[in-house]
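Right, one structure below, let's go through it.
The values are calculated or read from the model by the stated rules, or taken from the named source; none is laboratory data. Keep in mind it's a predicted model, so treat the numbers as computed, not measured. Here the Cβ is made from the backbone with ideal geometry for all residues, glycine too, and neighbour counts use every protein chain on show.
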Amino acid sequence: MKTQHDQAKGRSAISANRFIILMLGALVTITPFSIDMYLPAFSQMAKDFGTTPAKISLSVTSYFIGMAIGQMIYGPLLDRYGRKKPLYYGLGIYLLTSVGCLLSGSVNMLIALRFLQALGGCVAWVAAMAMVRDFFSNEDMPKVLSLLILLIGSSPLLAPTVGGFITDSLGWQWVFIVLICMVVVDMIVTALFLPQKYQPDPSVSLKMKPMLATFYSILKHPQFAVYTWSGAFGFASMFIYVAGSPVIFMEIFHVSPKLYGGIFALLSVGFIGSGQVNILLLKKYTSAQIYRVAIYVQVLTSAIFLYGTLQGWYGLVATIVLFFIILSCLGFMYPNSNALALAPFKKNAGSASALIGCLQIGLAGLASGSVGLFNAKNSTPIVVMLFVTAVIGLLILVAGKRKAELTTGMA
């Protein structure tokens, strides 16, 4: 049980670093904006490229794959050179490839450039997660990550709505122009105001063998392995939803891009709201307890969603409600699984953060890729993937829970 002294100490540390949390939030929102803002443009882009929205969704998958690979590169770089220098280089790559995206002449070129765009932009996510470990204690990390969810979750409230307006008014190319402007502002604010608490560690090797040895030593830690793998499969539902929602809502239910943006914003309230409720629950329950309940609810909801879909029961409203519950579960799962996975590491926080991100985004990218590869024209393949990934996440937790609890004081 947490004492009143511990709670007061945590609140004090978080209050003193609110501006830092806000700046870290600005960095982590680069990824959701890069994914969500152009979703309402799928239909327009498909017409321009002479293809289908499902084919355009592969550019989401390529972005996920680029993020997964890029994070493994930036983890050791952030540990060796500090947080800022790799951040500037990565975001520079993001800006150049964003220009390429808006000038794309074919869907295949777009898919390739989105991969490179993610390869650069993912540094912001890895650096921000590592800096959470730099600035905050193990007890404060899940609370800070829940606050970041408020900022991350606000992106889906704004991005598709703004993206739909931009697409209808100016064309899809202007979505990438807006993204370029946002990242330039983030780079300026980071350079001027964000402190670097972590000191560069020249002993961190950039040779392949030592890097792989470091990643392996992190991965074999029981607490890290259980909560990273379980969280990665559980969190895959977010990216399956992102890739599949344009097909479900605009192609199956025939909603307009503007209405789709509104639905996307409404559903993000579940993710945001549960993330903030998580802060309150952490006053009484541990991260491990909250995570365990959330993943059970996710599996149950996904099972109900799948059965009803196969029976043809659900219309637009029921589909929205079920997605809302699943996304609400993620608001509890994401901060707690990440905090539990990162807790054992101080020296290699950048590498640990990168490995978490790689596994999360890599698995999510493979799962969400089924939407494009299966060329889904109904919701069944999408809901099947939601159910399968949730069940695998639960099985990993159940199988490894006892071993992980032996190594953590947070369970």
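For the stretch 92-99, does any single residue satisfy the condition of being touching a residue at least 24 places away in the same chain (Cβ under 8 Å), part of a helix (DSSP H, G or I), among the hydroxyl-bearing types (Ser, Thr, Tyr) and farther than 25 Å from Asp168 by Cβ? Before the answer, list the steps.
Taking the stretch 92-99 and keeping what is touching a residue at least 24 places away in the same chain (Cβ under 8 Å), we get 92-96, 98-99.
Subset that is part of a helix (DSSP H, G or I): 92-96, 98-99.
From what is left, the residues that are among the hydroxyl-bearing types (Ser, Thr, Tyr) are 94, 98.
The next check asks that each one be farther than 25 Å from Asp168 by Cβ; those that pass are 94.
Scanning the stretch 92-99, I find at least one residue that is touching a residue at least 24 places away in the same chain (Cβ under 8 Å), part of a helix (DSSP H, G or I), among the hydroxyl-bearing types (Ser, Thr, Tyr) and farther than 25 Å from Asp168 by Cβ, so the answer is yes.
Only one of Leu78, Leu58, Leu103 is more than 30 Å from Glu251 (Cα to Cα), modelled with pLDDT of 85 or more and not acidic (Asp, Glu); which?
Working: Leu58 fails: more than 30 Å from Glu251 (Cα to Cα); Leu103 fails: more than 30 Å from Glu251 (Cα to Cα).
After applying the criteria, what remains is Leu78.
Can you tell me which residue in the stretch 173-182 is farthest from Asn17 (Cα to Cα), limited to those that are of a type in the set (A, V, I, L, M, F, W, C) and surrounded by fewer than 21 Cβ atoms within 10 Å (Cβ to Cβ)?
Step one: list which residues in the stretch 173-182 are of a type in the set (A, V, I, L, M, F, W, C), which gives 174-182.
This time we only want the ones that are surrounded by fewer than 21 Cβ atoms within 10 Å (Cβ to Cβ), so: 174, 177-178, 180-182.
Numbers: Trp174: 35, Ile177: 32, Val178: 29, Ile180: 28, Cys181: 26, Met182: 23 Å.
So, considering only residues that are of a type in the set (A, V, I, L, M, F, W, C) and surrounded by fewer than 21 Cβ atoms within 10 Å (Cβ to Cβ), the one farthest from Asn17 (Cα to Cα) is Trp174.
Mind listing whichever residues of the stretch 343-352 are in a helix (DSSP H, G or I) and within 15 Å of Gln223 (Cβ to Cβ)? Working first, answer last.
The initial filter retains those residues of the stretch 343-352 that are in a helix (DSSP H, G or I), namely 349-352.
Across the stretch 343-352, the qualifying residues are Ala349, Ala352.
Out of the residues in the stretch 158-212 that are part of a loop (DSSP other than H, G, I, E, B) and modelled with pLDDT of 85 or more, state the one that is farthest from Leu39 (Cα to Cα). Give the steps one after another, and end with the answer.
Quick first cut of the stretch 158-212, residues part of a loop (DSSP other than H, G, I, E, B) only: 170-172, 194-207.
Restricting the remaining residues to those that are modelled with pLDDT of 85 or more gives 170-172.
Details: Leu170: 15, Gly171: 13, Trp172: 10 Å.
The residue in question is Leu170.
Assigned to a loop (DSSP other than H, G, I, E, B), touching a helix residue (DSSP H, G or I) at 6+ places or on another chain (Cβ under 7 Å) and under 21 Å from Ala341 (Cβ atoms): does that describe Val226? Let's see the steps before the verdict.
Working: assigned to a loop (DSSP other than H, G, I, E, B): no; touching a helix residue (DSSP H, G or I) at 6+ places or on another chain (Cβ under 7 Å): yes; under 21 Å from Ala341 (Cβ atoms): yes.
When the stated conditions are applied, Val226 does not pass them.
Which residue is surrounded by the fewest Cβ atoms within 10 Å (Cβ to Cβ), if the candidates are limited to the stretch 44-72 and must be within 19 Å of Gly163 (Cα to Cα) and in contact with a Lys or Arg (Cβ under 6 Å, 6 or more places away or on another chain)?
For the stretch 44-72, the residue satisfying everything is Ser59.
Of the numbered conditions (1) among the aliphatic types (A, V, I, L, M); (2) modelled with pLDDT under 80; (3) within 16 Å of Leu219 (Cα to Cα), Met410 fails exactly one; give the number of that condition.
Of (1) among the aliphatic types (A, V, I, L, M); (2) modelled with pLDDT under 80; (3) within 16 Å of Leu219 (Cα to Cα), only one is false for Met410: (3).
Between a residue in the stretch 193-204 that is farther than 11 Å from Lys347 by Cα and any residue that is at pLDDT 80 or above and not in a helix (DSSP H, G or I), which pairs come within a Cβ distance under 8 Å, given they are 6 or more apart or on different chains?
Gln196/Gly82; Gln196/Arg83
Select, from Pro86, Pro142, the only residue that is modelled with pLDDT of 90 or more, of a type outside the set (A, V, I, L, M) and either in contact with a strand residue (DSSP E or B) (Cβ under 6 Å, 6 or more places away or on another chain) or over 27 Å from Pro246 (Cβ atoms) (or both). So that I can check it myself, show each step before the final result.
On the way: Pro142 fails: modelled with pLDDT of 90 or more.
That would be Pro86, the only listed residue that is modelled with pLDDT of 90 or more, of a type outside the set (A, V, I, L, M) and either in contact with a strand residue (DSSP E or B) (Cβ under 6 Å, 6 or more places away or on another chain) or over 27 Å from Pro246 (Cβ atoms) (or both).
For the stretch 77-88, what are the residues that are touching a Phe, Trp or Tyr at 6+ places or on another chain (Cβ under 9 Å) and part of a helix (DSSP H, G or I)?
Taking the stretch 77-88 first, the residues touching a Phe, Trp or Tyr at 6+ places or on another chain (Cβ under 9 Å) are 77-79, 82-83, 86-87.
Those that are touching a Phe, Trp or Tyr at 6+ places or on another chain (Cβ under 9 Å) and part of a helix (DSSP H, G or I): Leu77, Leu78, Asp79, Pro86, Leu87.
Being modelled with pLDDT of 85 or more and assigned to a helix (DSSP H, G or I) is the requirement here; does Ile325 meet it?
Working: modelled with pLDDT of 85 or more: yes; assigned to a helix (DSSP H, G or I): yes.
In short, yes.
Residue-wise test of (1) among the charged types (D, E, K, R); (2) out of contact with any Asp or Glu (no Cβ under 9 Å at 6 or more places or on another chain); (3) closer than 30 Å to Ser379 by Cα.
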position	(1), (2), (3)
Ser169	no, yes, yes
Asp186	yes, yes, no
Val189	no, yes, no
Leu192	no, yes, no
Leu206	no, yes, no
Ala213	no, yes, no
His221	no, yes, no
Ala232	no, yes, yes
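Pick out the one residue from Gly10, Gly25 that is more than 23 Å from Val183 (Cα to Cα) and either modelled with pLDDT of 80 or more or of a type outside the set (Ser, Thr, Tyr) (or both). Step through it out loud before you land on a result.
Details: Gly25 fails: more than 23 Å from Val183 (Cα to Cα).
It is Gly10.
Among the listed residues Gly262, Gly275, Gly270, Gly234, which satisfies the condition of being surrounded by fewer than 24 Cβ atoms within 10 Å (Cβ to Cβ), more than 21 Å from Ser59 (Cα to Cα), in contact (Cβ under 8 Å) with a residue 24 or more places away in the chain and within 17 Å of the chain's Cα centre (by Cα)? Please lay out each step first, then the result.
Numbers: Gly262 fails: within 17 Å of the chain's Cα centre (by Cα); Gly275 fails: surrounded by fewer than 24 Cβ atoms within 10 Å (Cβ to Cβ); Gly234 fails: surrounded by fewer than 24 Cβ atoms within 10 Å (Cβ to Cβ).
After applying the criteria, what remains is Gly270.
Phe239: aromatic (Phe, Trp, Tyr), part of a helix (DSSP H, G or I), at pLDDT below 85 and in contact with a helix residue (DSSP H, G or I) (Cβ under 8 Å, 6 or more places away or on another chain), yes or no? Don't jump to the end; show me each part of the working.
Working: aromatic (Phe, Trp, Tyr): yes; part of a helix (DSSP H, G or I): yes; at pLDDT below 85: yes; in contact with a helix residue (DSSP H, G or I) (Cβ under 8 Å, 6 or more places away or on another chain): yes.
For Phe239, the condition - aromatic (Phe, Trp, Tyr), part of a helix (DSSP H, G or I), at pLDDT below 85 and in contact with a helix residue (DSSP H, G or I) (Cβ under 8 Å, 6 or more places away or on another chain) - is met.
Just one of Leu310, Leu340 is surrounded by fewer than 16 Cβ atoms within 10 Å (Cβ to Cβ), at pLDDT below 90 and either part of a helix (DSSP H, G or I) or hydrophobic (A, V, I, L, M, F, W, C) (or both); which is it? I'd like the intermediate steps shown before the answer.
Values: Leu340 fails: surrounded by fewer than 16 Cβ atoms within 10 Å (Cβ to Cβ).
So the residue among Leu310, Leu340 that is surrounded by fewer than 16 Cβ atoms within 10 Å (Cβ to Cβ), at pLDDT below 90 and either part of a helix (DSSP H, G or I) or hydrophobic (A, V, I, L, M, F, W, C) (or both) is Leu310.
From Tyr89, Tyr94, Tyr81, grab the single residue that is of a type outside the set (A, V, I, L, M), farther than 25 Å from Trp229 by Cβ and surrounded by fewer than 18 Cβ atoms within 10 Å (Cβ to Cβ).
On the way: Tyr94 fails: surrounded by fewer than 18 Cβ atoms within 10 Å (Cβ to Cβ); Tyr81 fails: surrounded by fewer than 18 Cβ atoms within 10 Å (Cβ to Cβ).
When all the criteria are applied, what remains is Tyr89.
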